[in-house]
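K.L.:
One structure is given below, represented as structure tokens, and several questions about it will come after.
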Amino acid sequence: MIYFLGKDRAKKVDGKNQAEKKDSNLDVEKEKGSTSSSQQKDGKEKKEEFNHNYGYDDDKGDYKIVTGDHVGYRYEIREFLGKGSFGTALSCYDHKEKRLLAIKIVKNKKKYYYQASVELKILQYLRQHDTEDIMNVIHIEDYVVFRKHLCMAFELLSMNLFEFLKINDFNGFDHNLIRRFAIQLLYALKYLKQLEIIHCDLKPENILLKEENKSGIKIIDFGSSTFIDEKVYTYIQSRFYRAPEIMLGIPYSPAIDMWSLGCIMAELYIGYPLFPGESENDQMSRVMEMRDIPPGDVLQISERKMKFFTVHKETRVLEPVMLKNSRGKLRKPNGKPLDYVIGDEDPDFNDFVAKCLDWNPETRLTPDQALKHVWVLKGLPP
């Protein structure tokens, strides 16, 4: 059983094998510290820092994992599942309910604790409104603050969709299976939108199979999520699945999750990420290579367009900064159209993905519209 994974990803991109760490495609600013601020700590704080939470934590604030230890004097640690920037995920036995659960132990650092408290608020809100378990989102079972760590207990699910692709040798899946995944994800995004929640980090690693060898799925990891009217972060989403409005500095909405969905659908079919950018500029260059230049009305409201465009000296027209691909050739706008990459096996599928990858978030498919798309309707009862 796998709840969280932080392994390196290997895939075929531009005809060559390329590997990158999962955490590398999420741009995160490093914590800044200063000598003066550390000098202002009182003796008690210095002592605790020296002892790393009385020996319970490592020097990075992660809880030291010991198999057989009991979290909150209730959850017995059975198996290490994964580690990320937030902390650690474990498989634990709940001695009260007599079942296995996934426990997320957040780092003992203020910024992570705050972010996790926002996640907890959203998870509790989702659970409150999903009493019949039909939203296809992870269910939180309980939480506890233990040895200065916020610990959240979840239902234990199976492997994520990246792992599922991996055991299929990154060959991709057939349209029928992808459609079953798409329908469940669209219902989940429909519910999230109704509750005014934006996931903000939809990707294959954050979509888990409910059970092994079955197609039921759930969305996990609401650590970057936000309520529409309570946006805290302006730069979000893992790079490969990042909507253009985030890169361009345009106010975002639930439409960013639909962009991510389009990227995921294409990846599940071709077997590797559609836009595996190595940097923010490379990411934008790859998007333009398949989706052409952003329309004028999008660029007009962009606050970060000059990071990706230059002004022609004579015409004063914006021109994209073109980068070279792995073969040393310039990535030209619309130089490798989406249909060329996906193929022409099912034009309806191509149209679905293209409409999810609309530059303009206002005209991009919504979950409701997507559920009525001809490609999706093929998998729904009449």
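K.L.:
For GLU362, all conditions in the list (1) over 20 Å from ILE178 (Cβ atoms); (2) in a helix (DSSP H, G or I); (3) of a type in the set (Asp, Glu) hold save one; what is the number of the exception?
P.N.:
(2)
K.L.:
Enumerate the pairs (first residue in the range 276-301 and under 11 Å from PRO244 (Cα atoms); second residue anywhere and part of a loop (DSSP other than H, G, I, E, B) and small (Gly, Ala, Ser)) with beta-carbon separation below 6 Å, excluding pairs fewer than 6 apart on the same chain, so at least 6 apart or on different chains.
P.N.:
GLN283/GLY277
K.L.:
Residues that are modelled with pLDDT under 95: which strands (runs of 3 or more DSSP E) entirely in the range 86-151 hold 1 or more of them?
P.N.:
Details: elements: 87-94, 99-106, 140-146.
Here the list reads 87-94.
K.L.:
Now a separate question. How many residues does the range 60-85 contain that are under 18 Å from TYR143 (Cβ atoms), in a strand (DSSP E or B) and not aliphatic (A, V, I, L, M)?
P.N.:
Final tally of qualifying residues: 4.
K.L.:
Please name all residue pairs, on different chains or six or more residues apart, with Cβ atoms under 9 Å, provided the first residue is in the range 302-325 and is assigned by TED's automatic domain parsing to the domain that holds ARG286 and the second residue is small (Gly, Ala, Ser) and loosely packed, with under 13 Cβ neighbours inside 10 Å.
P.N.:
That search, which allows pairs on different chains as well, returns LEU318/GLY296; LEU323/SER279.
K.L.:
Counting just the residues of the range 77-93 that are out of contact with any Lys or Arg (no Cβ under 6 Å at 6 or more places or on another chain) and more than 13 Å from CYS151 (Cα to Cα), which one comes out surrounded by the most Cβ atoms within 10 Å (Cβ to Cβ)?
P.N.:
Within the range 77-93, the match that is surrounded by the most Cβ atoms within 10 Å (Cβ to Cβ) is LEU81.
K.L.:
Just checking, which of VAL298, VAL287, VAL341 is surrounded by fewer than 17 Cβ atoms within 10 Å (Cβ to Cβ), part of a helix (DSSP H, G or I) and β-branched (Val, Ile, Thr)? Working first, answer last.
P.N.:
Details: VAL298 fails: surrounded by fewer than 17 Cβ atoms within 10 Å (Cβ to Cβ); VAL287 fails: surrounded by fewer than 17 Cβ atoms within 10 Å (Cβ to Cβ).
Sole residue among the options that is surrounded by fewer than 17 Cβ atoms within 10 Å (Cβ to Cβ), part of a helix (DSSP H, G or I) and β-branched (Val, Ile, Thr): VAL341.
K.L.:
Hey, another quick one. How many residues, within the range 241-288, are out of contact with any Leu (no Cβ under 6 Å at 6 or more places or on another chain), polar (S, T, N, Q) and either within 17 Å of HIS199 (Cα to Cα) or not assigned by TED's automatic domain parsing to the domain that holds ARG327 (or both)?
P.N.:
The total comes to 1.
K.L.:
Kindly provide the set of residues from the range 135-158 that are free of Cβ contacts under 8 Å to residues at least 12 places away in the same chain and over 18 Å from VAL71 (Cβ atoms), ordered by number. Give the derivation first.
P.N.:
Within the range 135-158, the first condition is being free of Cβ contacts under 8 Å to residues at least 12 places away in the same chain, and the residues that meet it are 142, 145.
Hits for the range 135-158: nothing passes.
K.L.:
Suppose we keep only residues that are of a type outside the set (A, V, I, L, M, F, W, C) and closer than 14 Å to ARG304 by Cβ within the range 234-261. Which one would you say is surrounded by the most Cβ atoms within 10 Å (Cβ to Cβ)? It would help to see each step written out before you state the result.
P.N.:
The first filter runs over the range 234-261 and keeps only residues of a type outside the set (A, V, I, L, M, F, W, C), leaving 234-235, 237-239, 241-242, 244-245, 249, 251-254, 257, 260.
Those left that are additionally closer than 14 Å to ARG304 by Cβ: 234-235, 242, 244-245, 249, 251-252.
Details: THR234: 10, TYR235: 14, ARG242: 28, PRO244: 23, GLU245: 22, GLY249: 15, PRO251: 10, TYR252: 23.
So, considering only residues that are of a type outside the set (A, V, I, L, M, F, W, C) and closer than 14 Å to ARG304 by Cβ, the one surrounded by the most Cβ atoms within 10 Å (Cβ to Cβ) is ARG242.
K.L.:
Which residue, of GLU230, GLU245, is in contact with a Phe, Trp or Tyr (Cβ under 7 Å, 6 or more places away or on another chain) and of a type in the set (D, E, K, R)? Steps first, please.
P.N.:
On the way: GLU230 fails: in contact with a Phe, Trp or Tyr (Cβ under 7 Å, 6 or more places away or on another chain).
Just one listed residue meets the conditions, GLU245.
K.L.:
Follow-up. Taking LYS218 and the conditions (1) among the basic types (Lys, Arg); (2) out of contact with any strand residue (DSSP E or B) (no Cβ under 9 Å at 6 or more places or on another chain); (3) buried (at least 20 other Cβ atoms within 10 Å of the Cβ); (4) within 23 Å of ILE183 (Cβ to Cβ), which numbered condition does it fall short on, given that it satisfies the others?
P.N.:
(2)
K.L.:
If only one of LEU357, LEU330, LEU371 is closer than 26 Å to GLY271 by Cα and surrounded by fewer than 17 Cβ atoms within 10 Å (Cβ to Cβ), which one is it? Quick ask: steps written out before the conclusion?
P.N.:
On the way: LEU357 fails: surrounded by fewer than 17 Cβ atoms within 10 Å (Cβ to Cβ); LEU371 fails: surrounded by fewer than 17 Cβ atoms within 10 Å (Cβ to Cβ).
From the options LEU357, LEU330, LEU371, the qualifying one is LEU330.
K.L.:
Here is a follow-up. Can you list residue pairs whose Cβ atoms sit under 6 Å apart, with the first residue in the range 177-203 being in a loop (DSSP other than H, G, I, E, B) and the second being surrounded by fewer than 22 Cβ atoms within 10 Å (Cβ to Cβ) and among the hydrophobic types (A, V, I, L, M, F, W, C)? Count only pairs 6 or more apart in sequence or on different chains.
P.N.:
Matching pairs, first to second residue: GLU196/PHE227; GLU196/ILE228; CYS200/ILE236.
The values are calculated or read from the model by the stated rules, or taken from the named source; none is laboratory data. Every value quoted in this text rests on a predicted model; they were computed, and no experiment measured them. Ideal geometry is used to build each Cβ from the backbone, glycine not excepted, and the neighbour counts take in all protein chains shown.
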